[in-house]
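Engineer: After the structure tokens below, expect a handful of questions from me.
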Amino acid sequence: MRKSWFRIIALILAIIITVTICPDSAKAAGKKISFKNEYGVFLSIGPDQMDRFKNYKILVIDVQNDFTKKDISKLKKQGHIVYSYINVGAIENYRDYYTDFEDITLDVYENWPDEKWVDVSQKKWQEFILNKLAKNIIDMGVDGFFVDNTDVYYNYNRDDIYDGLTRILKGLKKKGKVIINGGDTYVSAYLKKNKNLKAILDGVNQESVFSRIIDYENDTFGESEKEDLEYFQEYLAKVKKNKKKVYLLEYTKDKKLKKKIKKYCKKKGYSYYISDSIDLS
């Protein structure tokens, strides 16, 4: 009997120590944490502004913005689901590996003068993404990847570009969850050919379904054209039908349009983030 009481006392002390030393871990393990917002995309924010993430369950950040493994661990303990940005179809000239792949870049990315499209059919690019960049990112402790610029297939509609993207995405999917940002031309082609999306993604994030960017330099926005709106609504419905998550990333300062976006997403079961700046800061 005495030994049983000793065990109970020891257990109580262990719980008290855990709560005292690691309150975030105890909170995450002990009860379901609720957040005001489901989804947020913060690609220009670094670790010095992590307090801005507190109201968002799913976070999209760029871990290359000086985040550490300790930072990601802290976010996970607070109950966040963390995705990191990874650019597979283009390369920015400020990345420290830019000169290694400048020889396989294509045209300059429209509206983004510091970025060029990459020939994703090149084996050295595929191996860099999968064996180095993606490995470094997933080793930070993130849940998965926010994959940008599969739209390279829209601009360079070739079989070798399609095959290169497919190899990259299948490789990323084996390492963690995958949300493809944009890429509707590629995703639709893959779906038509393979009948399902399970090997390449867990969800898609579509920018500017209801909104459109008028002036990139001055953060001037408007409403999307009816034809574009209808196209993306139909496309996202196909993704959802394949039991994949749908996320919307909209750019607007218009309160009426914000309300319209929120109402639509609630009806469809989509997650959304509305930004008033293109740099997502």
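Engineer: As an exercise: evaluate Glu250 against (1) in contact (Cβ under 8 Å) with a residue 24 or more places away in the chain; (2) part of a loop (DSSP other than H, G, I, E, B) and give the number of the one condition it does not meet.
Structural biologist: All conditions are met except number (2).
Engineer: Of all residues in region 161-184, which are within 15 Å of the chain's Cα centre (by Cα) and of a type outside the set (S, T, N, Q)? So that I can check it myself, show each step before the final result.
Structural biologist: Residues of region 161-184 that are within 15 Å of the chain's Cα centre (by Cα), as a first pass: 169, 172-173, 175-183.
Scanning region 161-184 gives Leu169, Leu172, Lys173, Lys175, Gly176, Lys177, Val178, Ile179, Ile180, Gly182, Gly183.
Engineer: Kindly indicate whether any position in region 81-88 is over 20 Å from Ile180 (Cβ atoms) and either charged (D, E, K, R) or surrounded by fewer than 19 Cβ atoms within 10 Å (Cβ to Cβ) (or both).
Structural biologist: Within region 81-88, not a single residue is over 20 Å from Ile180 (Cβ atoms) and either charged (D, E, K, R) or surrounded by fewer than 19 Cβ atoms within 10 Å (Cβ to Cβ) (or both).
Engineer: Then there's this: Could you pull out the residue among Tyr162, Tyr153, Tyr235 that is of a type in the set (Phe, Trp, Tyr), assigned to a helix (DSSP H, G or I) and in contact with an Asp or Glu (Cβ under 8 Å, 6 or more places away or on another chain)?
Structural biologist: Working: Tyr162 fails: in contact with an Asp or Glu (Cβ under 8 Å, 6 or more places away or on another chain); Tyr153 fails: in contact with an Asp or Glu (Cβ under 8 Å, 6 or more places away or on another chain).
Result: Tyr235 is the single residue among Tyr162, Tyr153, Tyr235 that is of a type in the set (Phe, Trp, Tyr), assigned to a helix (DSSP H, G or I) and in contact with an Asp or Glu (Cβ under 8 Å, 6 or more places away or on another chain).
Engineer: Being open to solvent by less than 80 Å² (accessible area, probe 1.4 Å), acidic (Asp, Glu) and within 26 Å of Ser188 (Cα to Cα) narrows it down to one of Glu225, Glu230, Glu250, so name that one.
Structural biologist: Result of the check over Glu225, Glu230, Glu250: Glu250.
Here is a yes/no grid of residues against (1) in contact (Cβ under 8 Å) with a residue 60 or more places away in the chain; (2) open to solvent by 50 Å² or more (accessible area, probe 1.4 Å); (3) touching a Phe, Trp or Tyr at 6+ places or on another chain (Cβ under 9 Å):
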{"residue": "Lys132", "(1), (2), (3)": "no, yes, yes"}
{"residue": "Ile138", "(1), (2), (3)": "no, no, yes"}
{"residue": "Phe146", "(1), (2), (3)": "yes, no, yes"}
{"residue": "Asn149", "(1), (2), (3)": "yes, no, yes"}
{"residue": "Arg158", "(1), (2), (3)": "no, yes, no"}
{"residue": "Gly164", "(1), (2), (3)": "no, no, yes"}
{"residue": "Leu191", "(1), (2), (3)": "no, no, no"}
{"residue": "Asp202", "(1), (2), (3)": "no, no, no"}
{"residue": "Glu207", "(1), (2), (3)": "no, yes, yes"}
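Engineer: Considering Asn205, Asn218, which residue is modelled with pLDDT of 95 or more, out of contact with any helix residue (DSSP H, G or I) (no Cβ under 9 Å at 6 or more places or on another chain), outside any helix (DSSP H, G or I) and within 28 Å of Lys258 (Cα to Cα)?
Structural biologist: After applying the criteria, what remains is Asn205.
Engineer: Which is within 22 Å of the chain's Cα centre (by Cα) and not polar (S, T, N, Q), of Glu227, Glu234, Glu217?
Structural biologist: That would be Glu234, the only listed residue that is within 22 Å of the chain's Cα centre (by Cα) and not polar (S, T, N, Q).
Engineer: Quickly run through region 263-281 and pick out the residues that are touching a residue at least 12 places away in the same chain (Cβ under 8 Å), outside any loop (DSSP other than H, G, I, E, B) and open to solvent by 70 Å² or more (accessible area, probe 1.4 Å).
Structural biologist: Lys268, Tyr272
Engineer: Still on this structure, please answer the following. Of all residues in region 120-130, which are open to solvent by 20 Å² or more (accessible area, probe 1.4 Å) and in contact (Cβ under 8 Å) with a residue 12 or more places away in the chain?
Structural biologist: Hits for region 120-130 are Ser121, Gln122, Lys124, Phe128.
Engineer: So for region 96-112 (the condition being at pLDDT 95 or above, crowded, with 19+ Cβ neighbours inside 10 Å and of a type in the set (S, T, N, Q)), does at least one residue qualify?
Structural biologist: no
The values are calculated or read from the model by the stated rules, or taken from the named source; none is laboratory data. Since the structure is predicted, the reported quantities are computational estimates derived from the model, not experimental observations. Every residue, glycine as well, gets a Cβ built from its backbone with ideal geometry; the counts of neighbours run over all protein chains shown. Areas reflect the complete protein model, heavy atoms only, side chains present, ligands, DNA and RNA absent. Shrake-Rupley method; radii C 1.70, N 1.55, O 1.52, S 1.80 Å.
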